[in-house]
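Participant: There's a structure below that I have some questions on.
The values are calculated or read from the model by the stated rules, or taken from the named source; none is laboratory data. Because the structure is predicted, anything quoted here is derived from the model rather than measured. As a convention, Cβ positions derive from the backbone with ideal geometry for all residues, glycine included, and neighbour counts pool all protein chains shown.
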Amino acid sequence: MITMRRQLLGLGFVAGSSLLAMNAAHALNGPTAINIDGGPLGSLSLSGGFDAYGFAVSGMPAGGNGSNTTNVGTNVGSAIIQLQKTTGELQFNIEIGSVGGSIAPGTVTSRPGQTSVSNYVTGPLYEGYVTLAPKDMPFTISAGQLGSLEGYEASLPWFNPSQLVTSIFYVQNSSARGVEANYTKGPFSATVEYGDGWDTGVFNFVQALGTYTIDPNNVLNVYYAGNVGRQGLTAKTYSNTSVASYGPYFMNSQMFGAYYSFTAGNLNLVPEVQYVYAHTNHQLGINKTTANLGAALFGNYTFGKSPYSLGGWVEYENSQGAGSWFVGPKSEGVGFALAPTWQYKDLYARVNAGGFYLLNNKYQGVSYGYGTSGTDKFQFVGTLEGGVLF
């Protein structure tokens, strides 16, 4: 049986709602905001989205789905309404709803759960912050419930090449309460965030993102995230789960990563590499340094002016030490996803198919994996996803 942590939103890990995810030409065109006259507030924009999906997962362990090895069903993915004010010296962003549906192949040991608004302490408030943007100044300051700065993949599935996500996305932090400062000068921008990473309510987590726009078709992003203190075992994280049972190395880690967006005509390619580690801390039960390396190549191709496109990715994952970062201790594996997509104005549908193969599934002489035996090396995930964006 795979030893794994609970996914952050039940349906899948909600990692960083990457601010730079919009740099690339995605397989899906995102929501088109509706402009609203906000009276004394000025011009406002309203947007949102909803998606649902049917799924089939192979290699389910006996304990995860009775005596079956395949699990099928349907779920609501994400349902979000966003109201923004992006002009003037005082701005704001409010996102209400539930975010989920992102499934990482290789991690599914029970039926993907229904999305819920109870995963964050802030309830249905997924993001909500105010921004001070001094006139003619190169910086802004924001405070509130902020999105993560980690990684290329976004929390909302329609901003990603596929509804299926990688091991890189799976180990990242999600939205957090805190403050954020951004500085932009020519082709370079830098953002630093200080808050309660992992939704713990303890303010000891720092994130940073640097972006260099070489030209419209070439953009480099480098990011960091880490705990500057120590997150105790009695603290609570997503869905009111204790740090002790969730895995203290996640909340007491240091993460470094980078991704590069390259666009040529209808093709967009994004390679990404990420390394995260947690040092020995016997008080937290981390008896030896543990780490996880992830590397992936994302791709999107649009077929001219037709409503069809193709997204996907390939990945490599390697864990070191006793920590169960992705599948299990010292797991090593490769994965893939493909997502043929159709979109007409505000409607879209796509087929997501992917899998993960374990190159190593043993730790201290004990094997783990998939299927009724609990030691199979391959898991397949397929979904049929549909949604509306506005």
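Participant: Given the conditions (1) in contact (Cβ under 8 Å) with a residue 40 or more places away in the chain; (2) part of a loop (DSSP other than H, G, I, E, B), which single one is not true for residue 305?
Facilitator: (1)
Participant: Tell me, please, whether a residue that is surrounded by 18 or more Cβ atoms within 10 Å (Cβ to Cβ), under 29 Å from residue 50 (Cα atoms) and touching a residue at least 60 places away in the same chain (Cβ under 8 Å) can be found in the range 269-287.
Facilitator: There is at least one residue in the range 269-287 that is surrounded by 18 or more Cβ atoms within 10 Å (Cβ to Cβ), under 29 Å from residue 50 (Cα atoms) and touching a residue at least 60 places away in the same chain (Cβ under 8 Å).
Participant: Related question: Inside the range 121-161, can you point out the residues that are more than 26 Å from residue 386 (Cβ to Cβ), outside any strand (DSSP E or B) and either aromatic (Phe, Trp, Tyr) or touching a residue at least 12 places away in the same chain (Cβ under 8 Å) (or both)?
Facilitator: Scanning the range 121-161 gives 121, 122, 133, 134, 135, 138, 148, 149, 150.
Participant: Continuing with this model, one more query. Given the conditions (1) out of contact with any Lys or Arg (no Cβ under 9 Å at 6 or more places or on another chain); (2) in contact (Cβ under 8 Å) with a residue 60 or more places away in the chain, and given that residue 264 satisfies all but one, which numbered condition is not satisfied?
Facilitator: Going through the list (1) out of contact with any Lys or Arg (no Cβ under 9 Å at 6 or more places or on another chain); (2) in contact (Cβ under 8 Å) with a residue 60 or more places away in the chain, residue 264 breaks only (2).
Participant: Also: Just give me the residues in the range 77-104 being aliphatic (A, V, I, L, M), modelled with pLDDT of 95 or more and outside any strand (DSSP E or B), in sequence order.
Facilitator: 104
Participant: Being under 24 Å from residue 92 (Cβ atoms) and in contact (Cβ under 8 Å) with a residue 24 or more places away in the chain: is that true of residue 181 here?
Facilitator: When the stated conditions are applied, residue 181 passes them.
Participant: Please determine whether any residue of the range 276-290 is closer than 30 Å to residue 29 by Cα and not in a helix (DSSP H, G or I).
Facilitator: No, the conditions are met nowhere in the range 276-290.
Participant: Can you tell me which residue within the range 234-264, out of those that are modelled with pLDDT under 95 and part of a loop (DSSP other than H, G, I, E, B), is nearest to the chain's Cα centre (by Cα)?
Facilitator: Per the stated criteria, the residue is 237.
Participant: Looking at 311, 328, 382, which one is in contact (Cβ under 8 Å) with a residue 12 or more places away in the chain, assigned to a loop (DSSP other than H, G, I, E, B) and under 21 Å from the mean Cα position of the chain (by Cα)?
Facilitator: Answer to the selection: 328.
Participant: Continuing with the same structure: Every residue in the range 86-106 that is surrounded by fewer than 20 Cβ atoms within 10 Å (Cβ to Cβ) and among the acidic types (Asp, Glu), please.
Facilitator: Within the range 86-106, 89 is the sole residue that qualifies.
Participant: State all residues of the range 105-128 that are at pLDDT 90 or above and touching a strand residue (DSSP E or B) at 6+ places or on another chain (Cβ under 7 Å); if no residue qualifies, say none.
Facilitator: Passing the criteria: 105, 106, 108, 124, 125, 126, 127, 128.
Participant: With respect to residue 351, determine if the residue is surrounded by fewer than 17 Cβ atoms within 10 Å (Cβ to Cβ), part of a strand (DSSP E or B) and at negative phi.
Facilitator: Against the criterion (surrounded by fewer than 17 Cβ atoms within 10 Å (Cβ to Cβ), part of a strand (DSSP E or B) and at negative phi), residue 351 qualifies.
Participant: Okay, next question. Looking at (1) buried (at least 17 other Cβ atoms within 10 Å of the Cβ); (2) assigned to a strand (DSSP E or B), which is the one condition that is false for residue 73?
Facilitator: Here residue 73 meets the rest and fails (1).
Participant: Moving to a separate point now. So residue 373 ticks every box in (1) part of a strand (DSSP E or B); (2) more than 30 Å from residue 81 (Cα to Cα) but one. Which box is left unticked?
Facilitator: Here residue 373 clears every test but (1).
Participant: Just for the range 288-308: of the residues that are surrounded by fewer than 18 Cβ atoms within 10 Å (Cβ to Cβ) and over 22 Å from the mean Cα position of the chain (by Cα), which one is farthest from residue 160 (Cα to Cα)?
Facilitator: 288
Participant: Select, from 301, 308, 348, the only residue that is touching a helix residue (DSSP H, G or I) at 6+ places or on another chain (Cβ under 8 Å), farther than 18 Å from residue 169 by Cβ and not β-branched (Val, Ile, Thr).
Facilitator: None of the other options fit; the residue is 348.
Participant: Considering only residues that are surrounded by 20 or more Cβ atoms within 10 Å (Cβ to Cβ) and in contact with a Gly (Cβ under 6 Å, 6 or more places away or on another chain), look in the range 107-125 and name the one that is nearest to residue 61 (Cα to Cα).
Facilitator: 109
Participant: Do you know which residues across the range 174-207 are buried (at least 18 other Cβ atoms within 10 Å of the Cβ), over 20 Å from the mean Cα position of the chain (by Cα) and assigned to a strand (DSSP E or B)?
Facilitator: 182, 189
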